[in-house]
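Asks: Quick one: this structure, given as structure tokens, is what I'll be asking you about.
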Amino acid sequence: MALRAVAAEVGECRRCPRLVDWREQVAAEKRAAYRDDDYWGRGVPGFGDHRARVMVVGLAPAAHGANRTGRMFTGDRSGDWLFGSLHRTGFANQPESIDLHDGLELRDVWVTSPVKCAPPANRPTPDERDTCAPFLDAEISALDVRVFVVLGGFGYQALAGHLGLRPRPRFGHGVVIPLDDGRHVVCSYHVSQQNTFTGRLTEPMLDSVFHAARELAGLPPAPRPTDAR
């Protein structure tokens, strides 16, 4: 399935009643800071470079981030961390991801999640993950990805199922797992505020993951910060 068709199907999907009810409730009630915004309130597809060699796999859209803006990791603090690092490591033209019209362009990377709708308490169920599985399978099949960067244990478990990774090595930040077909999985703590505010995940730690991903994917080193555009 072509990526454009995947995105269209994700946006129209209503297969998980609990997720549909929650995403639409959040979009209707809104957060006070965004009361004038028109929330997306639907499934959120992956996005990025259609020639991507690296795929970033998160968890699910944030209720007032991607569920509001319609783009993964856009409009919240987790996205500030992720795209800041992607910018420093040569994958993004800018460090900000504010809305669909902010001029963000990704190079050699695709950003997605195993669950496409915002879940209550940011906790999708295994059944919801499995219902969404065909979408991630279709994204993986449509791209020539050589390196998967997983953010957090949920994304790792989901991706391991998609890739048939058994036995599954233990998750840990910076762990690199070679696959039999020459591809690699690189693990990172999630860019959630729970990790970034407490110092469990730092900018150098996250940058090191994406520098490793570049090297494993056969991409040239990231330009120096003064040269990045």
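The values are calculated or read from the model by the stated rules, or taken from the named source; none is laboratory data. Everything numeric in this text was worked out from a predicted model, so none of it was measured. So basically every Cβ, Gly included, is an ideal-geometry build from the backbone, and we count neighbours across all protein chains shown.
Asks: Please state which of the following conditions residue 218 fails to meet, knowing it meets all the rest: (1) surrounded by fewer than 16 Cβ atoms within 10 Å (Cβ to Cβ); (2) part of a helix (DSSP H, G or I).
Replies: (2)
Asks: If only one of 90, 75 is surrounded by 24 or more Cβ atoms within 10 Å (Cβ to Cβ) and in contact with a helix residue (DSSP H, G or I) (Cβ under 9 Å, 6 or more places away or on another chain), which one is it?
Replies: Answer to the check: 75.
Asks: Ok, one more. Report yes if residue 53 is in contact (Cβ under 8 Å) with a residue 60 or more places away in the chain and surrounded by fewer than 19 Cβ atoms within 10 Å (Cβ to Cβ), otherwise no.
Replies: no
Asks: Restricted to region 141-165, and to residues that are in contact with a Ser or Thr (Cβ under 9 Å, 6 or more places away or on another chain) and either assigned to a helix (DSSP H, G or I) or not β-branched (Val, Ile, Thr) (or both), which residue is farthest from residue 75 (Cα to Cα)?
Replies: Taking the candidates together, the pick is 158.
Asks: Name the residue, out of 213, 217, that is modelled with pLDDT of 95 or more and touching an Asp or Glu at 6+ places or on another chain (Cβ under 9 Å).
Replies: 217
Asks: Considering only residues that are polar (S, T, N, Q) and within 23 Å of residue 165 (Cβ to Cβ), which ones fall in region 196-217?
Replies: First, pick out the residues of region 196-217 that are polar (S, T, N, Q): 196, 198, 202, 208.
Scanning region 196-217 gives a single hit, 208.
Asks: Continuing with this model, one more query. How about region 23-44: which of its residues are among the charged types (D, E, K, R), touching a residue at least 24 places away in the same chain (Cβ under 8 Å) and in a helix (DSSP H, G or I)?
Replies: Scanning region 23-44 gives a single hit, 23.
Asks: Check 61, 17 and return the single one that is surrounded by 23 or more Cβ atoms within 10 Å (Cβ to Cβ), at pLDDT 95 or above and within 24 Å of residue 129 (Cα to Cα). Explain how you work it out, then say what you get.
Replies: Numbers: 17 fails: surrounded by 23 or more Cβ atoms within 10 Å (Cβ to Cβ).
61 is the lone residue from the list that is surrounded by 23 or more Cβ atoms within 10 Å (Cβ to Cβ), at pLDDT 95 or above and within 24 Å of residue 129 (Cα to Cα).
Asks: Can I ask one more? Which residue, of 143, 151, is in contact with a helix residue (DSSP H, G or I) (Cβ under 8 Å, 6 or more places away or on another chain) and surrounded by fewer than 24 Cβ atoms within 10 Å (Cβ to Cβ)?
Replies: Values: 151 fails: surrounded by fewer than 24 Cβ atoms within 10 Å (Cβ to Cβ).
Within the list 143, 151, the selection yields 143.
Asks: Now, a different point. Could you say whether any residue in region 88-100 is part of a helix (DSSP H, G or I), modelled with pLDDT of 95 or more and more than 24 Å from residue 136 (Cα to Cα)?
Replies: Yes, that holds for at least one residue.
Asks: Any residue at all in region 110-124 that is polar (S, T, N, Q), touching a strand residue (DSSP E or B) at 6+ places or on another chain (Cβ under 9 Å) and either modelled with pLDDT of 95 or more or closer than 14 Å to residue 57 by Cβ (or both)?
Replies: yes
Asks: A follow-up question, please. Could you check region 158-172 and list, in sequence order, the residues that are under 18 Å from residue 194 (Cβ atoms) and crowded, with 16+ Cβ neighbours inside 10 Å?
Replies: 171, the sole residue that qualifies.
Asks: Any residue at all in region 7-22 that is β-branched (Val, Ile, Thr), touching a Lys or Arg at 6+ places or on another chain (Cβ under 8 Å) and not in a helix (DSSP H, G or I)? Working first, answer last.
Replies: Pass one, region 7-22, residues β-branched (Val, Ile, Thr): 10, 20.
From the residues that got through so far, the ones that are touching a Lys or Arg at 6+ places or on another chain (Cβ under 8 Å) too are 10, 20.
From what's left, not in a helix (DSSP H, G or I): none.
No.
Asks: Residues of region 185-203 being in contact (Cβ under 8 Å) with a residue 60 or more places away in the chain and hydroxyl-bearing (Ser, Thr, Tyr), which ones?
Replies: 192, 196, listed by residue number.
Asks: Which of the residues belonging to region 50-71 are assigned to a loop (DSSP other than H, G, I, E, B), within 20 Å of residue 29 (Cα to Cα) and among the charged types (D, E, K, R)?
Replies: The one that is assigned to a loop (DSSP other than H, G, I, E, B), within 20 Å of residue 29 (Cα to Cα) and among the charged types (D, E, K, R): 71.
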